[in-house]
Structures are given as C-alpha cells and as structure tokens.
Amino acid sequence: MSNKHLFLIPGFIRTPLQNGVGRYVGQLQRVVLKFCKNNGSSRGMREFIESGLVNFANENPGVVVYLKPRRHRTAVIKAEYLNGDSQWINCRNFTQEEVLKWLILLKSQSKNATGTRIKKLWHTDHPSIQGPWTPYTFRDPELNLVEFPNDILSKPAIMERSSQDELIELFNNKKIEELESKRAE
Amino acid sequence: MVFTTAVNFVRSRGPDEFWRKRRIFRLAAAFYGRKRNCYSIAVRYVHRALVYATKGRKLRKMDITSLRQTRVQAACEQHNINYETFREGLTRSDIMLNRKTLADLACWEPYTFKALTDIALRRGVDDGLINITKTESLDRIITRGSLQSNK
C-alpha cells in the first residue's frame with residue numbers, strides 16, 4: 001500500500017525481448033559454485049558436486065558451470081544472468097537436494113528479483129457493471145410522495161414470530177391431526 | 001604465494017563508517033531536525049520507525065478486515081439480515097466468499113449482493129436461524145433443499 005519504504009524497488013513482472021513467445025532462451029549465463037574442501041558446512045555442496053552436478057551441466061548446455069574450491073570460506077552459489085546482474089546465495093549447511101533446487105530456481109529466473117516489490121497489472125476503468133451502491137439504490141421512489149404519519153410505514157419492516165404465534169400454529173396443527181384421525185376411523 | 005585465508009583473521013574495523021551511517025540517514029530522510037542529520041539521534045528514531053513498520057503490517061491487515069466487515073454488515077442490515085446469520089446462511093449453501101469479495105460486491109454490484117442476502121435469508125428461515133413469518137416473497141427464493149422442505 002505505501003511506497004515510502006526504501007527497501008524494495010517496485011517493478012512489473014517482465015521478460016526480456018518477449019522470451020518464450022517464440023523461442024525460449026534460458027537467461028542464466030553462468031553459475032559459480034564455491035565451496036570449502038573439508039569444512040562440514042560445505043558437505044552438501046560437495047555431495048552435490050560429486051553426484052548431481054554433471055547431470056545439471058549436461059541438461060543445461062547454455063549455462064557455464066564453474067567450481068571454485070576456497071578454503072575456510074562458506075559454500076556459495078553465484079549466478080550471473082544475460083542482462084548482467086548477479087545473485088549470490090549462501091549455501092552453508094545445505095543438503096545436496098537444496099543446492100539442486102536453488103540451481104533450478106536460478107535457471108528459471110531472468111534476473112535477480114530479490115528486493116523487488118511486484119506491481120499488479122490489473123486496472124479497470126469500469127469497476128461496476130450494475131452501478132455502484134448509492135443510498136437511493138434500494139429505496140422505494142414512492143417514499144418521495146408519502147405523507148407522515150403513515151399507518152403502513154410506521155409498523156416494523158419485519159415482524160418476528162412471537163411465541164403466541166407459534167402456540168396458535170401448534171394448536172391449529174393438533175386440531176387438524178385430530179380431525180384427520182377421526183376421519184380415518 | 002597467495003594466502004587467501006589470512007584475510008579472514010584480520011580484525012580491522014574497515015572503512016565502512018560512511019556507508020554504514022548512510023544506510024540509517026537514507027531511512028531518516030523525512031524526519032525533523034537533528035533526527036535527520038545527527039547519527040546517534042537518528043539511529044534511535046530509525047529503529048523506532050522500523051519497529052512501527054513491523055507492527056503496522058499486522059495492524060493494517062486487521063484494519064482492512066474490520067473495514068470490510070463493517071461494509072458487509074451495513075449492506076446486509078439494509079436487507080434485514082444480520083452479519084452472522086448472513087455468513088452462516090452462505091456457508092451452509094456452499095457459497096464460500098470471503099470478506100474482501102463480499103465487500104466489493106456490496107459496494108460495486110449491489111443487486112448481486114441482494115441476491116446473496118436472499119439466499120442466506122431463505123436458508124436461514126429453512127434451518128431455523130431466522131424466526132420470521134413466512135411470506136410469499138420468500139417462496140420465490142429457491143435454494144438447494146428448499147423444494148423438499150416445502151413438500
């Protein structure tokens with residue numbers, strides 16, 4: 001609602017050059033996997049590199065994968081896109097499935113969208129089809145010509161059933177039952 | 001030889017003071033007087049502003065919900081049914097509309113909203129939620145179980 005906060009940059013959802021309308025070009029250019037060779041926080045990353053990385057690289061021939069073993073540093077994925085911006089994901093204590101999931105997310109993105117507040121595309125010049133509510137929408141125009149005091153309008157609009165009404169109805173139903181049972185005999 | 005790990009052990013404070021304070025001053029740009037220009041004063045008020053913003057996110061949702069509920073309540077009171085009975089009648093008729101949609105309908109599509117109140121009224125009378133004398137105008141409103149109950 002308010003645009004005064006400075007943390008998020010507002011923007012619409014866009015694709016570069018109508019990507020996907022004709023041909024789809026993956027917007028991820030390169031991915032750098034940095035990891036430590038023996039620290040435990042990089043274990044998931046190392047396991048991913050041993051098992052799932054080659055498959056990922058083969059499935060995505062358009063993405064260049066770099067490996068950077070960096071001792072005493074935490075595991076990190078750095079992604080760079082075709083439009084030039086880069087994204088940095090800390091992979092400390094990730095499992096190998098988590099690393100793969102993040103890589104698949106990066107593959108499907110076209111730019112670094114963190115810190116973007118997505119603006120909605122809908123707009124209408126005609127929000128109402130039946131006409132917006134006015135105080136006169138459900139008012140009877142006859143009220144214009146009425147003279148008060150008025151017998152009918154002075155009564156309550158809805159009458160709830162009183163207990164007297166219910167008793168009368170019960171009595172009448174019982175009477176009808178007795179009549180019908182007599183007729184059956 | 002390049003010793004990349006040695007950099008990790010350096011404990012200098014670094015040249016970031018300007019940038020660190022700039023992050024606070026950017027958020028305090030619209031404040032008054034020294035709260036805008038002096039760091040140690042600005043920091044306190046920026047932290048309070050951030051706390052208010054955090055709390056306000058929940059309050060905003062609560063405010064909007066209660067506004068929508070007030071609007072729906074006003075609209076259905078005009079059609080002689082109260083809010084709780086209206087919601088109960090709609091859910092029993094499997095019409096699952098939330099406060100937002102009901103409020104939008106009440107404001108922009110009043111006749112559709114009247115139809116919804118009619119359904120809720122009929123269902124309420126059938127199920128015993130509403131205690132009014134049955135009139136002919138009620139019989140023209142047909143809900144799912146109303147034809148069987150008429151028999």
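Only the coordinates and a few stated rules stand behind these numbers; no lab work does. Small disclaimer: the values here were computed from a predicted structure and weren't measured. A quick note on method: Cβ atoms are made from the backbone with ideal geometry, for glycine too, and the neighbour counts reach across all protein chains shown.
Annotations for the structure displayed:
- Equivalent ellipsoid dimensions for chain A as semi-axes, Å, which come from the Cα gyration tensor, largest first: 73, 30, 18
- Of B:Phe25, B:Phe3, the sequence from fewest to most neighbouring Cβ atoms within 10 angstrom is B:Phe3, B:Phe25.
- Here, P(r) means the percent of Cα pairs in each 5 Å bin from 0 to the largest distance; for chain B it is 2, 8, 13, 12, 9, 7, 6, 5, 5, 6, 5, 5, 5, 5, 4, 2, 1, 1, 0, 0.
- Taking Cα atoms only, the orientation of helix A:96-108 departs from the longest principal axis of chain A by about 80 degrees.
- Cα centroid of region B:38-112 to Cα centroid of region A:103-152, whole Å: 14
- In sequence order, calculated HN-Hα J values of region A:38-43 (Karplus, 6.51, -1.76, 1.60; Hz; x Gly/Pro): 9, 6, x, 5, 9, 5
- C-alpha long axis of helix A:163-184 to longest principal axis of chain A, angle in °: 70
- Dipole axis of the protein assembly as shown (+1 Lys, Arg; -1 Asp, Glu on Cβ), positive-most option in B:Gly128, B:Tyr45, B:Ala106: B:Tyr45
- Over the protein assembly as shown: helical MRE at 222 nm, DSSP H runs n ≥ 4 each giving -39500 (n - 2.57), nearest 500: -14500 deg cm²/dmol
- Only Lys, Arg, Asp and Glu carry charge here, each on its Cβ (+1 for the first two, -1 for the last two); on that basis the protein assembly as shown has a dipole of about 3980 debye about its Cα centre.
- Degrees separating the helix B:17-27 axis from the principal Cα axis of chain B, which is the longest one: 30
- Using the Cβ-Cβ distance between B:Asn37 and B:Ala115 with R0 = 51 Å, the FRET efficiency computed as 1/(1 + (r/R0)^6) comes to roughly 0.25.
- Close amide-amide hydrogen proximity is noted between A:Gln29 and A:Glu80, A:Tyr81, A:Leu82, each under 5 Å apart and 5 or more residues distant or on a separate chain (H modeled in the peptide plane; Pro and chain starts excluded).
- Pairs of lysines in region B:1-134 (C-alpha under 21 Å apart; 8 or more residues apart or interchain): 5
- Amide H contacts of A:Thr116 (H built 1.01 Å from N, under 5 Å, at least 5 apart or other chain): A:Ile9
- Between the amide H of B:Thr133 and those of A:Met159, A:Arg161, distances stay under 5 Å, these residues lying 5 or more places away or on another chain, with hydrogens modeled in the peptide plane.
- Taking θ as phi - 60° and the Karplus parameters 6.51, -1.76 and 1.60, the scalar couplings of region B:86-99 work out to 4, 5, 5, x, 5, 5, 5, 8, 6, 9, 9, 10, 8, 4 Hz in sequence order, x denoting glycine and proline.
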